[in-house]
Amino acid sequence: MYFFLTNFAALEIFYFFTIAPLTLANVLSMGRNLISLPSCGAQMFFIFLGRADCILLAVMAFDWFVAICHPLCYGLIMSWRLCVQLTLGSLLLGFFLAMQLTVLIFQLPLCSSKQISTFYCDVLPVMRLACVDTWVHEATLSVVSITVLTIPFLLITLSYVFIMAAILKPCSAEGRHKAFSTFPPT
């Protein structure tokens, strides 16, 4: 669990430092901050990389499911090798999706300025600069985003259902209390 929490915290720190410095610069310049397209592309890549967080949360839910529902087999199922593979898999999938989506958006021919007057480089401001119809890009982005958010959400929900079923099975009150005390803080 601590291994996954460490990786999750590292991803969150990178995500924070993607947005916070430009936000601070924008506040200090009283809203007159412009972002160049290369800076915007880099920021957008790291924001898309935040999708790895969603995948890593699903991995953490699986880890918790194994710990609660199969405690005697936990060491066999969740070996260090599998933990590293799951973490690297979520990071690589997030990296791959971030790279693909960033390249997809920045292949658009841009008509307007090569700078964006905002501190947060989002997809829509960049797409508004495009000279062509962006329907395909918007549809692709929507499908990928919904998929990357929905599948981990469903896996997390499913693991919680199995965990709740395991906890609520007839057992001692002390055992139930121990199991509920392992719930992650909200």
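What is the ratio of the Cα radius of gyration of segment 3-53 to 2.2 N^0.38 Å, where N is its residue count, to two decimals? Show your work: numbers first, answer last.
Details: Rg = 12.9 Å, N = 51, 2.2 N^0.38 = 9.8 Å.
For segment 3-53, the normalised Cα radius of gyration is 1.31.
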Send over a whole-number figure in Å² for the accessible area per residue of the chain, probe 1.4 Å. 61 Å²
Inter-probe distance in nm under a simple model that places probes 7 Å from Cα toward Cβ, at residue 82 and residue 136: 4.2 nm
Based solely on C-alpha atoms, express the radius of gyration and the Dmax of segment 61-154 in angstrom. 19.5, 61
Using the basic label-point model (7 angstrom from Cα toward the beta carbon), what is the residue 144 to residue 10 distance in nanometres? 2.4 nm
On the accessible surface of segment 1-140, probed at 1.4 Å with all protein chains in place, carbon and sulfur together account for a percent value of 72 percent
Give the accessible area for residue 174 in Å² (nearest 10); use a 1.4 Å probe, count only protein heavy atoms, and leave out ligands, DNA and RNA. 130 Å²
May I ask for the percentage of alpha-carbon pairs in segment 10-89 that lie more than 22 Å from each other? 46 percent
Semi-axis lengths, Å, the chain, gyration tensor of Cα atoms, sqrt of 5 times eigenvalues: 41, 18, 14
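The values are calculated or read from the model by the stated rules, or taken from the named source; none is laboratory data. All values derive from a computational prediction rather than experimental measurement. Ideal geometry is used to build each Cβ from the backbone, glycine not excepted, and the neighbour counts take in all protein chains shown. Remember, those area values only see protein heavy atoms, side chains included, never the ligands or the DNA or RNA. Shrake-Rupley method; radii C 1.70, N 1.55, O 1.52, S 1.80 Å.
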